[in-house]
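Bear in mind these aren't lab numbers, they're just calculated from the coordinates by the rules spelled out. No experiment lies behind these values; they were computed from the predicted model shown. Note: ideal-geometry Cβ built from the backbone for every residue, glycine included; neighbour counts use all protein chains shown.
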Amino acid sequence: VNLISLYFFKSYRLWCLSQSYQINYYLFLKFYNFKLMKTVFLVKHSKGAFGLRLFGLGPNLKPTRGLFKLQQFLHRNAFWAKDRTINDLKKCLANSDIIISIWSQNEPVGFGRALSDGIYRGVLWDIVIDQNHQGKGYGKMIVKNLLESKEIKHTKKIYLMTTNKKLFYSQIDFK
């Protein structure tokens with residue numbers, strides 16, 4: 001049983017080279033998994049995942065070596081992502097419109113991203129759940145949050161890039 005405990009937005013300003021940039025880093029949802037008695041965070045990163053990509057920020061805007069941890073997470077849990085370098089991940093995140101991650105004890109346990117033109121086409125990519133956390137609804141949470149994002153919500157056709165898990169995706173109306 002998961003109990004949602006709070007929603008809140010974090011925004012902060014980064015001052016760089018005498019220019020200010022407003023960064024809406026992410027919305028995160030904190031909930032408790034009572035079976036495990038652990039706090040789990042669903043993180044909706046800003047477009048391009050600026051904080052994760054450049055500062056390694058994880059939940060609560062804390063530096064956690066998040067990009068390195070994401071690389072290791074993908075390496076362990078997705079055979080098709082084993083050779084992704086840190087630079088490849090930075091570029092991949094920088095060019096993604098929507099990025100969602102799930103964290104438990106400052107470790108990623110779920111990840112997904114999407115691209116969209118906002119009108120006609122959108123694509124869901126790299127939806128991965130840690131092997132030890134599958135069956136807890138985290139995959140459905142990631143897909144739901146990707147599909148409900150403002151960038152994808154009104155898109156006419158959404159594609160899913162996947163190598164397997166046909167049964168999982170058919171449960172959430174992908175054909």
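Gain in length, K90 to E107, computed as 0.36 nm per residue apart minus the alpha-carbon separation, to one decimal in nm?
Using 0.36 nm per residue and subtracting the Cα-Cα distance, I get 4.3 nm.
Taking R0 as 30 Å, what's the FRET efficiency between F68 and D117 from their Cβ-Cβ distance, rounded to 0.05?
So the FRET efficiency works out to roughly 0.40.
Using 0.36 nm times the number of residues separating R76 and I158, minus their current alpha carbon distance, what extension gain do you get?
Length gained, R76 through I158: 26.8 nm.
Going down the table (K69/K153; K62/K157; K44/K156; K44/K82), which pairs top 26 Å between alpha carbons?
Flagged as over cut-off: K69/K153; K62/K157.
How charged is the neighbourhood of P63? Take every other residue with its Cβ under 13 Å from the Cβ of P63, and add Lys/Arg as +1 and Asp/Glu as -1.
+4
Looking at the square roots a ≥ b ≥ c of the eigenvalues of the Cα gyration tensor of region 106-159, which shape do they give, rounded for a/c under 1.5, prolate if a/b is larger than b/c, or oblate?
prolate
Please give the contour-minus-distance gain from E148 to N60: 0.36 nm per residue of separation, less the Cα-Cα distance, rounded to one decimal in nm.
29.4 nm
With a 10 Å radius around each residue's Cβ, average the other Cβ atoms per peptide and rank 118-130, 60-72, highest first.
In decreasing order of mean packing, 118-130, 60-72 become 118-130, 60-72.
Give a residue-ordered list of calculated ³J(HN,Hα) values for region 48-59 (Karplus: 6.51 cos²θ - 1.76 cosθ + 1.60, θ = phi - 60°; whole Hz; x for Gly, Pro).
Taking θ as phi minus 60°, the curve returns x, 6, 3, x, 5, 5, 9, 10, x, 6, x, x Hz for region 48-59.
Express in whole angstrom the spacing between the alpha-carbon centres of region 50-68 and region 142-160.
Result: 24 Å between the Cα centres.
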